[in-house]
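The values are calculated or read from the model by the stated rules, or taken from the named source; none is laboratory data. Quantities reported herein were computed from a predicted structural model and do not represent experimental measurements. When we count neighbours, we look across all protein chains shown, and the Cβ atoms used for this are built from the backbone with ideal geometry, even at glycine.
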């Protein structure tokens, strides 16, 4: 790919070892193999005690995949509220949107622009606006954003970019 895993591992290692920080990784719609490989890389780097991992794999129901990013964020908020500085990864925020689209269809909602759920902006806002710092701790988010057909006006990346 483009070196996402290498960059994430370096950031996680630096935060854990150089700054005694904590990282949370939310794998939304991850491939099982990639999640397993990432886990073993962290084990080899001796940072597992400074990382929380939550996965909703691509073969799981859309409701599971939709909740993964929010679950990871809840974990990050807990560490932040304990006075820690947290690095929060979401891979991939586009798959969060797709899971929301699937759940919306299962609920019988009429699709919005380009087939996305009519609640896209609200769902994205609920997630993104919780990524905040307090007086005693912080959350810094790194999110992989897939842009369908390299179209920056597509509602999914456009809604995401409005918050980044």
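Let me confirm something: among 86, 103, which residue is surrounded by 19 or more Cβ atoms within 10 Å (Cβ to Cβ), in contact with a helix residue (DSSP H, G or I) (Cβ under 9 Å, 6 or more places away or on another chain) and over 30 Å from residue 16 (Cα atoms)?
Only one candidate passes the filter, namely 103.
Conditions tested, residue by residue: (1) free of Cβ contacts under 8 Å to residues at least 60 places away in the same chain; (2) on the phi > 0 side of the Ramachandran plot.
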{"residue": "59", "(1), (2)": "yes, no"}
{"residue": "67", "(1), (2)": "yes, no"}
{"residue": "83", "(1), (2)": "yes, yes"}
{"residue": "87", "(1), (2)": "no, no"}
{"residue": "112", "(1), (2)": "yes, no"}
{"residue": "118", "(1), (2)": "yes, no"}
{"residue": "126", "(1), (2)": "yes, no"}
{"residue": "134", "(1), (2)": "yes, no"}
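Yes/no matrix, rows are residues, columns are (1) in a strand (DSSP E or B); (2) touching a strand residue (DSSP E or B) at 6+ places or on another chain (Cβ under 6 Å); (3) within 15 Å of residue 26 (Cα to Cα); (4) modelled with pLDDT under 95:
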site	(1), (2), (3), (4)
52	yes, yes, yes, no
59	no, no, no, yes
69	no, yes, yes, no
73	no, no, yes, no
89	yes, yes, yes, no
102	no, no, no, no
127	no, no, yes, no
139	yes, yes, yes, no
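Restricting to region 141-159, and then to whatever is part of a helix (DSSP H, G or I) and under 17 Å from the mean Cα position of the chain (by Cα), can you tell me which residue is farthest from residue 97 (Cα to Cα)?
158
Restricting to region 115-125, count the residues that are assigned to a helix (DSSP H, G or I) and more than 17 Å from the chain's Cα centre (by Cα).
1
Please specify each residue of region 1-34 satisfying the condition of being in a helix (DSSP H, G or I) and more than 16 Å from residue 47 (Cβ to Cβ).
4, 32, 33, 34
If residue 21 satisfies all but one of (1) buried (at least 19 other Cβ atoms within 10 Å of the Cβ); (2) modelled with pLDDT of 95 or more; (3) within 30 Å of residue 136 (Cα to Cα), what's the number of the condition it fails?
Looking at each condition in turn, residue 21 falls short on (2).
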